Amino acid sequence: MGTFTKRVHFKSKKRHINVGARPGSIIIPDDALPPKITIYSFTQDDLQTSKGKDMETITKQIAKCKDHTHWIKINGIGDAKLIEDIGTFLGINQLVLEDVVNTHQRPKFDEYEDYVFGTSRIIYFNKEDELVNCQFSGIVKDNIIISFEESHLDYFEVVTTRLKAGKGVIRTAGPGYIFYALTDTILDNYFVLLSKIGDMIDATEDKLYRSPDKSIMFDAQQLKRTLIIIRRSCWPERDKINDMIRSESPEITKDTKLFLRDAYDHCIQAMDMVESYKEVTSSIIDLYLSMVSNRMNEIMKVLTIISVIFIPLTFIAGIYGMNFSREDAHGHVIHDNMPELYVQHGYVYALIGMFLIGAFQVFVFWRKGWFNKL
């Protein structure tokens, strides 16, 4: 394992706030990508796929495959007309369409008279090591599920692979099951992300024990911020899945609810991992600050020992450096002045005395074990 962690860059998105705008206004963000539409129409024995960029692609495919279940997968929300046309075609409330293009929604699940709507947060590291936090939205109505993603990345390749293989119940369990499968894929990728973060935390800990420096504190803080972002998605995701389990909508069948309970457990596990990793990163920061404080105490201890040794020596040197004469200008002895001023070999005696005092202090410190703790 490496000793250095990668810097975590957070790909920021500006939040567009339209003060006083009419509820249900479809305002496309400036950085929104043009839509790419992929439609999977399937039965137990058949799968039809088509791609396009406009509403005509959707209507033609649905008219062509009337007895099929349809998954309309839209990557990119940069076309307001397409969003409005979909709302008109399926009879979707304008407030729901507004939530689709307002990409700062927290995970939620809403029930309407003849359809359900849900959002989740897709979080991953891109090729530039940036942490991307984008929105997934899904609408389930009758035999249709429409999913909206901000990017052109094929985030749900695993689900499409299962759909093409036709194994299990993915083709027969209805659009509600597809919605569950997409939600479960998002949760599974949280574990992949948390695994990478766990490796980064281990590398930071190794560096802390081997060669600690101030970059450890910055790395740990960035990892903690990443975990906070994941936590802000996991907590409402748990509530969303719980709402789906309790839903009485016919779009979420009883069989699908069994799988949703498993997804709920996965969400709880992800939350536990986030909380434990947060504690570890906080401990790393606290341990580093404690090590810095202990190191500073050791330095101060060394300086204190040196000062204690030289204080009496400086005192002696200061006393005999005052140069008060023993005799006055007429040769008379001044009794209160320094008697040792004219002692033969006085300089040598003073040096020997200072050496003995210093040696005695060093001996006392050594017996107390102070040098062993430096």
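The values are calculated or read from the model by the stated rules, or taken from the named source; none is laboratory data. These numbers were taken from a predicted model, which means no experiment stands behind them. Note that each Cβ is placed from the backbone with ideal geometry, even for glycine, and that neighbours are counted across all protein chains shown.
Residues considered: D213, D219, D199. Of these, the only one that is surrounded by fewer than 20 Cβ atoms within 10 Å (Cβ to Cβ), modelled with pLDDT under 90 and either outside any helix (DSSP H, G or I) or in the same structural domain as F125 (by TED's automatic domain parsing) (or both) is D213. Among the criteria (1) in contact with a Leu (Cβ under 7 Å, 6 or more places away or on another chain); (2) over 30 Å from V159 (Cα atoms), the one S211 does not fulfil is (1).
Selection of first residues in region 218-237 that are under 20 Å from T204 (Cα atoms) and of second residues that are buried (at least 16 other Cβ atoms within 10 Å of the Cβ) and basic (K, R), restricted to Cβ pairs under 7 Å at least 6 apart or on distinct chains, gives the following pairs, ordered by first then second residue: K224/K278; L227/K278.
Restricting the search to region 23-43, which residues are charged (D, E, K, R) and farther than 26 Å from E157 by Cβ? Residue satisfying the conditions is D30 alone. The set of residues in region 46-74 that are in contact (Cβ under 8 Å) with a residue 40 or more places away in the chain and either acidic (D, E) or part of a helix (DSSP H, G or I) (or both) contains only I62. Looking only at residues in region 84-118 that are among the hydroxyl-bearing types (S, T, Y) and without any contact (Cβ under 8 Å) to a residue 24 or more places away in the chain, the one that is nearest to T185 (Cα to Cα) is Y112.
Scanning region 181-233 for residues that are touching a Gly at 6+ places or on another chain (Cβ under 8 Å) and closer than 17 Å to I123 by Cα yields a total of 2.
Given the criteria without any contact (Cβ under 8 Å) to a residue 40 or more places away in the chain, surrounded by 14 or more Cβ atoms within 10 Å (Cβ to Cβ) and in a helix (DSSP H, G or I), does Y264 qualify? Yes, satisfied.
Of all the listed residues (V308, V280, V292, V274), the sole one being at pLDDT below 90 and under 32 Å from the mean Cα position of the chain (by Cα) is V292. Within region 47-95, the set of residues being surrounded by fewer than 17 Cβ atoms within 10 Å (Cβ to Cβ) and in contact with a Gly (Cβ under 8 Å, 6 or more places away or on another chain) comprises L47, N93, Q94, L95. Kindly evaluate K141 against the criterion of being over 16 Å from N242 (Cα atoms), free of Cβ contacts under 8 Å to residues at least 24 places away in the same chain and not polar (S, T, N, Q). No; evaluated as a whole, the condition is false for this residue.
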